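**Student:** The following block contains the structure, expressed as structure tokens.
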Amino acid sequence: MKKLRKRFQGIYWQQMFVTTGMVMVTLFLLGVSFFSLSYNYTKNQNIENIRSKAVVMGQLSVSYLENGRFMDMEELRTDPDFQKLASFAAVVSDAQFMICDTEGHVLLTTDESLSGQVVTMPEKMTREILEKGSSYKKDDLGGLYDSRRFVVGVPATNPLSRETAGVVFAVSEGTSLDVVWRGLVGLFVMTALVVLMIGFMASSISSMRQVQPIREMVQATRRYAEGDFDIRMREEGLSDEMGELAASFNNMAESLQQTERQRREFIANISHELKTPMTTIAGYTDGILDGTIPPENEQQYLQIISNECRRLSRMVRRMLDVSQLQAIDPLRGGNHFDLCESMRRVLISMEKKITDRDLDVEADIPEEPILVLGDNDMITQVIYNLLENAAKFATPGSTLYLGVARMEGKALVTVRNEGETIDPEELPLLFERFHKSDKSRSEDKDGVGLGLYIVRTILEQHKEKINVTSENGVTTFTFSLATK
């Protein structure tokens, strides 16, 4: 029971119930309005038709009196010609007539069921006819009939003297009205059922199309929770908001898959990077403790242990730097600084490393300031990391290039060195965490593989990108910054 209740609480059934309910309420309101208007219109038409016939009968009754054939209305009862005329009018009009005096006493009736009876019409209705000129009601006339009927009364007035000789009542069962109205009701009910069925089918199809992608997303999220990011949403045939949602969902899945892949790579890389120095430290420490390493060599191996500890410290510090950089928005303050001055300071700080490797420097830095948008310290670190990396892998005696130029509202910074050519397939991997090529591993024992990753992270925080090319032994790093 609980499972069944939960099933009917789903989006599909909720939308179905809402749509069906709205259609039914709309049909109900339209039906009430339609029935009311059609019934009142048909009723008024019927009443007006009966009233006109009653007026004609009243005029005929007065005409008989004016011709002198009767001295008063009492004589109408014994006049066979007038009875025939009244009966004919009743057949033609589909109504029964009662001709009464001014007190409501029936003098003549065309209703054979009332023949021989002394009938008096309701006093209130008779008085209303004499005062207002007509009267209408649906009544059984005080039990005179077994069901309520349409009763219309008009005065029989002499058109010349304006004297009222009596009143005429026209009584109709309203059968034609009921037949017409029932026909309209039946037609409306049939139409309403067809509309309801069409609405139900359309709502069912529409709801199913909307719910199916959501069900697929639910299944996909369960797979994602289990660590499987390979599943994708179907986008074919979805051109509305659900299509956009499916596309966004797939993009999210791609991002999650990439994040998971990077997480695994990060764990694998950091495990590898930590394993090597820790193995070295543990091995040399055990060697000193158990006497495997001679006392005269202890100083040498203690120095190696110290270097590895410092490398571990640098690695942890760099990792903390990356975490802090990702939490900073350098563009929020809208600050500008002189890029040329920052580049000069980096060159001065790198003088010893450049001199130690016997490198020449070609600096193309304008004398006039170039103001760029961003954080001065972070961009200075970018230039320092790139220049340090270029100096580290440059061929001794070669030339380093550091320059900046304006181009289309941007400041274009270039760092270039001469050394080994980097394989094209390896170029995109240079900015990944802990990535170091085989050559760099042999030449750069102190590196932790985070320098270029920090460069990319800082530039992404500045909404900029960095490009790298390596051809014929010349490797060039280029990035841009927005100028003022």
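**Student:** Treat region 95-208 as a sphere of radius equal to its Kirkwood radius over Cα pairs and apply Stokes-Einstein at 37 °C in a medium of 0.692 mPa s; give the translational diffusion coefficient in µm²/s, rounded to a whole number.
**Tutor:** Here the translational diffusion coefficient equals 191 µm²/s.
**Student:** Amide H neighbours of residue 450 under 5 Å, counting only residues 5+ apart in sequence or on other chains, H built in-plane at 1.01 Å?
**Tutor:** 434
**Student:** Would you rank 97, 88 by solvent-accessible area, highest first, keeping every protein chain in place and using a 1.4 Å probe?
**Tutor:** Final ranking, largest accessible area leading: 88, 97.
**Student:** Sorted by accessible area (1.4 Å probe), largest first, how do 112, 471 line up? Intermediate values should be presented prior to the final figure.
**Tutor:** On the way: 112 160, 471 130 Å².
Sorted by accessible area, descending: 112, 471.
**Student:** Kindly report, to the nearest 10 Å², the accessible surface of residue 43 as traced by a 1.4 Å probe over protein heavy atoms only.
**Tutor:** In the full protein context, residue 43 sits at about 50 Å².
**Student:** Suppose accessible area is computed on protein heavy atoms with a 1.4 Å probe; arrange 309, 340 from highest to lowest.
**Tutor:** I get 309, 340, largest accessible area first.
**Student:** Quick one: which residues, 5 or more positions from residue 107 or on another chain, have an amide H under 5 Å from its amide H? H modelled 1.01 Å from N in the peptide plane, none for Pro or chain starts.
**Tutor:** 99, 100, 101
**Student:** Keeping all protein chains in the complex and leaving out DNA, RNA and ligands, what accessible area do you get for residue 420 with a 1.4 Å probe, in Å² to the nearest 10?
**Tutor:** That residue has around 120 Å² of solvent-accessible surface.
**Student:** Filter 53/137; 275/352; 352/484; 353/484 down to the pairs with a C-alpha to C-alpha distance above 25 Å, please.
**Tutor:** Check vs 25 Å cut-off fails for 275/352; 352/484; 353/484.
**Student:** Oh, and also: How much accessible surface area, in Å² rounded to 10, belongs to the heavy atoms of residue 18 with a 1.4 Å probe?
**Tutor:** 90 Å²
**Student:** Same structure again: Karplus couplings for region 426-432 from phi (6.51 cos²θ - 1.76 cosθ + 1.60, θ = phi - 60°), rounded to Hz, Gly and Pro as x?
**Tutor:** 8, 4, x, 8, 4, 9, 7
**Student:** Separate question: In terms of the ratio Rg/(2.2 N^0.38 Å) built on C-alpha atoms, what value belongs to region 376-418?
**Tutor:** Relative to the rule-of-thumb radius for its length, region 376-418 sits at 1.28.
**Student:** Is region 100-154 rounded, prolate or oblate when judged by the Cα gyration tensor, a ≥ b ≥ c being the square roots of its eigenvalues, rounded requiring a/c under 1.5 and prolate requiring a/b larger than b/c?
**Tutor:** oblate
The values are calculated or read from the model by the stated rules, or taken from the named source; none is laboratory data. This is a predicted model, so every value here is computed, not measured. Protein only, heavy atoms only, side chains kept; ligands, DNA and RNA dropped before computing areas. Shrake-Rupley method; radii C 1.70, N 1.55, O 1.52, S 1.80 Å.
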